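Any read-out appearing in this document is the output of simple, stated calculations on the displayed coordinates, not a laboratory observation. This one's a predicted model, so the numbers in the text were calculated from it and none came from an experiment. In this analysis, Cβ positions are derived from the backbone assuming ideal geometry, glycine residues included, and neighbour counts consider all displayed protein chains.
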Amino acid sequence: MDARIKYSLLLVGIGIILAFLPFNASDSFLLKSDELLSKSTSSENSFSVDQVARMVNKEDSTMLLIDLREASQYKECNIPGSLNIPFSDLLNPLWEGTFNQKKVKKIFYGNGDQTANYAWAIATGLGYKNNFVMKGGLNEWFKTVMLSQFKGEKISPIENALYETRFNARKAFTQVNSLPDSLKSRYFKAKDIKQLKLDGGCQ
Amino acid sequence: MGVLLILVIIRNSDQNVFQEKAKTALEATRNDANIVSFDQVKALTAPYLILDLGSAPRPDSLLFQHALKITFSQLLEKANRKILNEAKGELILYADDVPTASRAWVILNQLGYKNLRILSFENIPEGLKYKFQPDTTSRLEQDTM
């Protein structure tokens, strides 16, 4: 058979196969459903607000808090050091560098538990590693960190350490979120630029 | 080429491969369109199946007529998949906690199940219940800007 016919048949064959491929791998889940289910049932993919508060106080560079709320809510108040990726914008290719940081713990939070767990399942399904959820979201943060008060006469060393962690995190949260709007915008812009640099992008 | 064709057929017939695009999950959750309240479920006249993913027994007040208990870890077992495939009308997920229901919803949504809802007992599941009170006397150090 003529070589040209052979190559033509081969190309037509490949074309047919590509046409029947079920999806575009880049925007569909890479994990299989049983793998995602197994990861979903693990208890090791969430942090309590106290654990997050400790990381915030230490300015832990191995974690990245991702605030999934809309920009207006994020501007009103957010956990210091967090990056705003609204849930509706989660699949924007702009964030690929952020999600691809394998050694950084990406900790999702919303106001409650729902959006963060959607985002966790989507990011994990898409094959990104090291995804976590802050249990209870910002509502739990307010309840536990912002409104915590010590009641009683004696305080144990463990209670004292916990209270101090919450106090310091509360102080940082209040300071950052109490900035006037103009300074707040500059602060968030500086954070975004720092994040882009970490992702290997440019300004 | 034959090998490639066989691989494609095998991949397509694998029930554990997600078929949907991730963006369908984002679109379906817009404005909480995938959330259904207790009262809405009670008022449903069309066929539906409640999938109870919890492990604890329910009190009588939270028992539904068309409920089926499947624990989350067994959600994708062959027999359970068959039940889900044959279910008519809405498929309503009901779990002990929000994370379980949310993750189960994403998995089933991406497997292509339609008319999939989450039963929620809160009117606005993602509402912020607290209001931040700024402290106008506090200022960050200039060098942190």
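Projected over all directions and averaged, the alpha-carbon convex hull of the range A:92-172 occupies 6.9 nm². Seen from a random direction on average, the alpha-carbon convex hull of the range B:13-79 projects onto 6.6 square nanometres.
Rounded to the nearest 500, the helix-only mean residue ellipticity at 222 nm of chain A stands at -15500 deg cm²/dmol, with each DSSP H run of n ≥ 4 adding -39,500 (n - 2.57). In a DSSP loop and with at most 13 other Cβ atoms within 10 Å, the trypsin sites (Lys or Arg not before Pro) in the range A:97-138 are A:K102, A:K103. By the compact-protein rule of thumb, 2.2 N^0.38 Å, the alpha-carbon radius of gyration of the range B:34-125 corresponds to a ratio of 0.99.
Annotation for B:R30 and B:N16: the two label points, set 7 Å from Cα along the Cα-Cβ direction, are 3.4 nm apart.
Modelled label positions at B:F121 and A:D27, each set 7 Å beyond Cα in the direction of Cβ, lie 3.8 nm from each other. For chain A, the alpha-carbon radius of gyration amounts to 1.34 times the rule-of-thumb value 2.2 N^0.38 Å expected for a compact globular protein. Distance between the modelled labels on B:R58 and A:T62, one decimal in nanometres: 4.3 nm (7 Å Cα→Cβ projection). Round to the nearest 0.05 the FRET efficiency obtained for B:A43 and A:D34 when R0 = 45 Å and r is the Cβ-Cβ distance. So the FRET efficiency works out to roughly 0.80. Per-residue mean of foreign Cβ neighbours for A:116-125 is 6 (Cβ atoms of other chains, 10 Å radius). Beyond 19 Å in Cα-Cα separation lie the following of the pairs A:K75/A:K184; A:K75/A:K105; A:K103/A:K143; A:K32/B:K21; A:K75/B:K131; A:K58/A:K105: A:K75/A:K105; A:K103/A:K143.
Electrostatic tally near A:N57: other residues with Cβ closer than 14 Å to its Cβ, Lys and Arg +1, Asp and Glu -1, net +1.
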